[in-house]
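Participant: Please find one structure pasted underneath; my questions will follow.
The values are calculated or read from the model by the stated rules, or taken from the named source; none is laboratory data. Nothing here was measured: the structure is a model prediction, and the numbers come from that model. Positions of Cβ are generated from backbone atoms using ideal geometry, with glycine treated the same way; all protein chains shown enter the neighbour counts. Side chains are part of the model used for accessible areas, which takes the heavy atoms of the whole protein and leaves out ligands, DNA and RNA. Shrake-Rupley method; radii C 1.70, N 1.55, O 1.52, S 1.80 Å.
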Protein chains: 2
Amino acid sequence: MSHSVYGRLMSVDRTQVLRTAATLLSRKATATMDEVARAAGIGRATLHRHFAGRDALVRALEQMCIEEAEAALDAARIEEGPADEAVRRLVAASEPAAPLLAFLVTENQLFEGDGQNEGWARLDARLVALFRRGQEEGTFRIDLSPAWLCEAFYGLIGSGAWAVADGRVAANDFSYMIAELLLGGARRSVEK
Amino acid sequence: MSHSVYGRLMSVDRTQVLRTAATLLSRKATATMDEVARAAGIGRATLHRHFAGRDALVRALEQMCIEEAEAALDAARIEEGPADEAVRRLVAASEPAAPLLAFLVTENQLFEGDGQNEGWARLDARLVALFRRGQEEGTFRIDLSPAWLCEAFYGLIGSGAWAVADGRVAANDFSYMIAELLLGGARRSVEK
DNA sequence: TTCAGGTGAGACAAAGATGTCTCATTCGGT
DNA sequence: ACCGAATGAGACATCTTTGTCTCACCTGAA
């Protein structure tokens, strides 16, 4: 028996398919399974062999997004050092997952059903904890709630991903722009 | 012949239907015409009488969004006074159009077709001009491009609208949170 | 009351998407 | 070269959505 990196004999890269699907679906949420398959460069039948249907595809996207976001949180070591630097590290670490997040942030449909993935709650909790820590340490202002900062973080990651995808901003500036705006805002400041 | 406020004998409020549709579609982009009709409290047939199809509905949404956004730009008098205060006024004036913008920001599908509404270019131009003016006047930092500030503005309006709709933040805090984050960021500053 | 215009509900066919299947082909390992 | 596994293309039935139509009902104005 032969094995690839992921333990299966195969040619389609599940991860790559999901990334492509995320990019397409964030641009056109009503895209059909056929369009998703074509965008990923595979046949509709093959797509169906890997994901039972549209719902299963979105669920897989959700799962992958949560895993990558949690990996980013781990990699950024958000519990360490000043909160603002932790946010900077987190933005940078979130860049690979940005297209995924851009899609899922808008797919609020996921939060209607009965069994919503508990991963989102974990993510939110860790992110809120980070902003709360920053407030308690005096790094972040206290008149903006951690919940809102959390939302803004998601929103800016999504906006950044779209802006880069559309070529309105350079990919290299991704994390700088997001972190700077989130932390310092647009107004010119006397400090730093 | 009888006339209502809008010059037609009628009972359905076109504007209200569009607002409801925007709210629903921003939460569930794949909603059917029937779901949109139910959400608006009208029959599917009636919805069809007013909007020939899903495409026409989205186009009407787009047009309404552009009109309201331009009205907000006018009402905020963004050419007057300090740029940061102009942004504050603009955010406040944009609040009524927020659910509309939240939907259309994510409906990138609109920017694929051949005939995309030129209203977006007008909007972008005015917004970019505002941020550029702020930079030239020394109010805004120059290391964040006007194009990115423009994107971030849209993104934060959308995030704010969702956060309010989901009850994660109070509706009263809408414009304060957005304007403060966009202008000042999360980091505590020595000024002000 | 009368009446015209608007509406909701349902029926209906057409169009599109989905899920499943078969078969020829290609690719990687042996 | 061989062979098994996976793929792409296409056919197919089914389900959903869409667009259109009819008809009964309601409402406001005369």
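Participant: Going residue by residue through the range A:96-116, is there one that turns out to be modelled with pLDDT of 95 or more, buried (at least 16 other Cβ atoms within 10 Å of the Cβ), under 30 Å from B:Ala86 (Cα atoms) and within 12 Å of chain B (Cβ to nearest Cβ)?
Facilitator: Within the range A:96-116, none of the residues are modelled with pLDDT of 95 or more, buried (at least 16 other Cβ atoms within 10 Å of the Cβ), under 30 Å from B:Ala86 (Cα atoms) and within 12 Å of chain B (Cβ to nearest Cβ).
Participant: Looking only at the range B:160-192, which residues are of a type in the set (Gly, Ala, Ser), without any contact (Cβ under 8 Å) to a residue 40 or more places away in the chain and within 25 Å of A:Asp173 (Cβ to Cβ)?
Facilitator: Within the range B:160-192, B:Gly184, B:Gly185, B:Ala186, B:Ser189 qualify.
Participant: Restricting to the range B:140-155, count the residues that are within 23 Å of B:Leu104 (Cα to Cα), without any contact (Cβ under 8 Å) to a residue 12 or more places away in the chain and in contact with a helix residue (DSSP H, G or I) (Cβ under 7 Å, 6 or more places away or on another chain).
Facilitator: Here the count works out to 2.
Participant: Within the range A:115-125, can one find any residue that is within 17 Å of B:Gly160 (Cα to Cα), part of a helix (DSSP H, G or I) and not hydroxyl-bearing (Ser, Thr, Tyr)?
Facilitator: Yes, there is a match, as at least one residue in the range A:115-125 is within 17 Å of B:Gly160 (Cα to Cα), part of a helix (DSSP H, G or I) and not hydroxyl-bearing (Ser, Thr, Tyr).
Participant: Inside the range A:169-190, can you point out the residues that are part of a loop (DSSP other than H, G, I, E, B), surrounded by fewer than 15 Cβ atoms within 10 Å (Cβ to Cβ) and touching a helix residue (DSSP H, G or I) at 6+ places or on another chain (Cβ under 9 Å)?
Facilitator: Result: A:Ala170, single match.
Participant: Same structure again: Check whether at least one residue in the range A:11-20 is acidic (Asp, Glu), within 15 Å of DNA strand C (Cβ to nearest atom) and exposed (fewer than 12 other Cβ atoms within 10 Å of the Cβ), and report yes or no.
Facilitator: Checking the range A:11-20: not a single residue is acidic (Asp, Glu), within 15 Å of DNA strand C (Cβ to nearest atom) and exposed (fewer than 12 other Cβ atoms within 10 Å of the Cβ).
Participant: Moving on. For the range B:30-42, name all the residues that are open to solvent by 30 Å² or more (accessible area, probe 1.4 Å) and either within 9 Å of DNA strand D (Cβ to nearest atom) or within 14 Å of chain A (Cβ to nearest Cβ) (or both).
Facilitator: Matches in the range B:30-42: B:Thr30, B:Thr32, B:Asp34, B:Glu35, B:Ala39.
Participant: Only one of these conditions is not met by B:Glu85: (1) among the charged types (D, E, K, R); (2) within 23 Å of A:Ala170 (Cα to Cα); (3) more than 16 Å from the chain's Cα centre (by Cα); (4) modelled with pLDDT of 95 or more. Which number is it?
Facilitator: (2)
Participant: If you scan the range A:156-168, which residues turn out to be in contact with a helix residue (DSSP H, G or I) (Cβ under 9 Å, 6 or more places away or on another chain) and either part of a loop (DSSP other than H, G, I, E, B) or open to solvent by less than 10 Å² (accessible area, probe 1.4 Å) (or both)?
Facilitator: Hits for the range A:156-168 are A:Leu156, A:Ile157, A:Gly158, A:Ser159, A:Gly160, A:Ala163, A:Asp166, A:Arg168.
Participant: While we're here: Across the range A:52-96, which residue is farthest from B:Arg187 (Cα to Cα) among those that are within 16 Å of DNA strand C (Cβ to nearest atom) and not aliphatic (A, V, I, L, M)?
Facilitator: Ranking the candidates gives A:Gly53 first.
Participant: Ok, one more. Taking the conditions exactly as written (β-branched (Val, Ile, Thr) and more than 9 Å from chain B (Cβ to nearest Cβ)), does A:Val87 satisfy them or not? Break it down into steps so the answer makes sense when it comes.
Facilitator: On the way: β-branched (Val, Ile, Thr): yes; more than 9 Å from chain B (Cβ to nearest Cβ): no.
No: the conditions fail for A:Val87.
Participant: Just to be sure, is A:Thr23 within 14 Å of DNA strand D (Cβ to nearest atom) and either among the polar types (S, T, N, Q) or open to solvent by 70 Å² or more (accessible area, probe 1.4 Å) (or both)?
Facilitator: no
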